[in-house]
Structure formats: structure tokens, C-alpha cells
Amino acid sequence: GALVYQYPRRTICKSGTSMRMECQAVGFQATSVAWYRQSPQKTFELIALSTVNSAIKYEQNFTQEKFPISHPNLSFSSMTVLNAYLEDRGLYLCGARQYSGNTLYFGEGSRLIVV
Amino acid sequence: GDSVTQTEGLVTVTEGLPVKLNCTYQTTYLTIAFFWYVQYLNEAPQVLLKSSTDNKRTEHQGFHATLHKSSSSFHLQKSSAQLSDSALYYCVHSNNRIFFGDGTQLVVKP
């Protein structure tokens, strides 16, 4: 079956430092990976959509300078939160899907705690 | 533009009674897929149901939903709620992008 592993599950970082999270697809080819942040109100904010062999598309209010993403192959993607501050706290989720499907398979999430 | 609306932020139901979570959508695309995702406490969202066929009922784990393009709806229903159904439920539609509703917290009480 299709699985997505995401790590680390939880990171506590000091204000102004950075956190990198990784997303690994198993059992399918992740031609596109969407990175989301789940707010304290539990709504999903799309940060960016990364498709292999295409430019990464960032949503309004999110930039490559703040959330650089790497998607080097069909099974792996990573995103870094640079210079994290309190407003960056939350659960970051990667959702991966293959070219032929619409189903988004989520990783377990990486929770960022900023102190 | 495209959007998904879940009107209830919280639905509370007594165990054994029916439950319905509402979902309506707006889209400019013809070919779209619809999903209900469920997120249990401290877990990742996972697919509960999916459909792209108009007026066809889809079922899983006792839940069912029917896509009605005429009313732009994809409501989630269950005839008898269980305590273990307590979770966050998201209605999602997908074309080349993915649109999440804001989620509905379902609480099933004994």
C-alpha cells in the first residue's frame, strides 16, 4: 500500500533557528508533494506544491526564502522552516500523490515548537 | 475560485444515533475527485471515502457519501455513530490542486 513517512515528529527549536523536515513516500511514486501547515484551529494552509520536473509553486504568504523545499526524486521531499518564530508554530504535514491519482497520502506530521 | 465549505465546526451526537456532516463546494473544473479525510487525535489525516461519480453512493467503515453535482454537495453520513468515530473530518476536493474544508470535529457521546 501507499505510505508516507515524515520526520522528525516533533522539534523544539529556539526562536530564530531553523528546522528541517523530511517526507518519504513508500509504495508509490510521489510525483507531487504538497506541504501544509495545520493551524491551532485545525485548518489546513497550503504552503507549496512541488511537482517533480516543475517549479515549486508557493502560496500567498509563503516564500521560498522562508520555506525552501527540495524534491529531488519520486520518493523524497524536504522542507526547511528558516528563522522560526512563534508564528511558525504548528503541525507541518506533507501530502504526496502519484501522477495517475488524486488521493493525497499524508505523513504523520512534524510538529514545530518554538521557544 | 474553487472552495469547499463545511458549515459545522463541531457536531455532537449520542452513540447509536445517526450523524451527518455537511460539505458543499464550488469549482470551475469538470473533472474532479472528492474525499472525506478523517484525522484522529495525534494522527495524520487519512482517506475515509472518495468519489468522482455523480449520484453514486460510496461507503467505507459504515460511513457513506454521495456526490451530487446538481447541488454541489458531498455530505458524509453514518446511520449509527460509534464512540470511536470521534475525530476531525475534512471534506476535500481535488483537480490539479487540492482544496480542504475547514474541518468538522465530531464528538460521539455515550
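The values are calculated or read from the model by the stated rules, or taken from the named source; none is laboratory data. Since we're looking at a predicted model, the values are computed, not measured. A quick note on method: Cβ atoms are made from the backbone with ideal geometry, for glycine too, and the neighbour counts reach across all protein chains shown. Protein only, heavy atoms only, side chains kept; ligands, DNA and RNA dropped before computing areas. Shrake-Rupley method; radii C 1.70, N 1.55, O 1.52, S 1.80 Å.
crowded, with 17+ Cβ neighbours inside 10 Å and farther than 17 Å from A:A96 by Cα: is that true of A:F44 in this structure?
Working: crowded, with 17+ Cβ neighbours inside 10 Å: yes; farther than 17 Å from A:A96 by Cα: no.
Here the answer is no, as A:F44 does not meet what is asked.
Of everything in region B:4-36 that is open to solvent by 40 Å² or more (accessible area, probe 1.4 Å) and assigned to a strand (DSSP E or B), the residue that is nearest to B:L83 (Cα to Cα) is B:T14. All of A:A25, A:A30, A:A55 fail the test of being farther than 16 Å from A:S110 by Cβ and open to solvent by less than 50 Å² (accessible area, probe 1.4 Å), apart from A:A30. In this structure, A:E65 does not satisfy being over 24 Å from B:V38 (Cα atoms), in contact with a Leu (Cβ under 9 Å, 6 or more places away or on another chain) and within 14 Å of chain B (Cβ to nearest Cβ). Being in contact with a strand residue (DSSP E or B) (Cβ under 6 Å, 6 or more places away or on another chain) and more than 28 Å from B:Y40 (Cβ to Cβ) is not true of A:Y36. Restricted to region A:61-104, and to residues that are at pLDDT 90 or above and either in contact with a helix residue (DSSP H, G or I) (Cβ under 7 Å, 6 or more places away or on another chain) or aromatic (F, W, Y) (or both), which residue is farthest from A:A48 (Cα to Cα)? Here the residue is A:Y85.
Pairs linking a residue in region A:98-115 that is farther than 15 Å from A:E22 by Cα to a residue that is open to solvent by less than 80 Å² (accessible area, probe 1.4 Å) and basic (K, R), with Cβ atoms under 7 Å and 6 or more positions apart or on different chains, are A:T103/A:R97; A:L104/A:R97.
Of all residues in region A:78-115, those satisfying the criterion of being away from every other protein chain (no Cβ under 13 Å) and open to solvent by 60 Å² or more (accessible area, probe 1.4 Å) are A:N83, A:Y85, A:L86, A:E87, A:R89, A:V115.
One line per residue, one yes/no per condition, for (1) closer than 29 Å to B:L48 by Cα; (2) touching a Gly at 6+ places or on another chain (Cβ under 7 Å):
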| position | (1), (2) |
| --- | --- |
| A:I56 | yes, no |
| A:Q64 | no, no |
| A:L86 | no, no |
| A:G101 | yes, no |
| A:Y105 | yes, yes |
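Kindly indicate whether B:L41 is loosely packed, with under 13 Cβ neighbours inside 10 Å, closer than 29 Å to A:T31 by Cα and within 12 Å of chain A (Cβ to nearest Cβ). Yes.
Can you pull out the strands (runs of 3 or more DSSP E) entirely within region B:37-110 that have at least 2 residues that are aromatic (F, W, Y)? It would help to see each step written out before you state the result.
Numbers: elements: B:46-51, B:57-60, B:63-66, B:76-78, B:87-94, B:98-100, B:104-109.
Qualifying strands (runs of 3 or more DSSP E): B:87-94, B:98-100.
Here are the criteria: (1) free of Cβ contacts under 8 Å to residues at least 12 places away in the same chain; (2) under 15 Å from the mean Cα position of the chain (by Cα); (3) more than 14 Å from chain B (Cβ to nearest Cβ). Tell me which single one A:Y58 does not satisfy. If we test A:Y58 against (1) free of Cβ contacts under 8 Å to residues at least 12 places away in the same chain; (2) under 15 Å from the mean Cα position of the chain (by Cα); (3) more than 14 Å from chain B (Cβ to nearest Cβ), just (3) comes out false.
Checking the structure you have, find out if any residue of region A:6-17 is of a type in the set (S, T, N, Q) and within 14 Å of chain B (Cβ to nearest Cβ). Full working, then the answer.
The initial filter retains those residues of region A:6-17 that are of a type in the set (S, T, N, Q), namely A:6, A:11, A:15, A:17.
Filter once more, keeping what is within 14 Å of chain B (Cβ to nearest Cβ): A:6.
The answer is yes, given that some residue of region A:6-17 is of a type in the set (S, T, N, Q) and within 14 Å of chain B (Cβ to nearest Cβ).
Taking every residue in region B:18-32 that is farther than 12 Å from B:G101 by Cβ and pairing it with any residue that is acidic (D, E) and crowded, with 19+ Cβ neighbours inside 10 Å, at least 6 positions away or on another chain, the pairs with Cβ-Cβ distances below 9 Å are B:V19/B:D85.
Applying the condition of being within 11 Å of another protein chain (Cβ to nearest Cβ) and among the β-branched types (V, I, T) to region B:44-99 and asking which residue is surrounded by the most Cβ atoms within 10 Å (Cβ to Cβ) yields B:V92.
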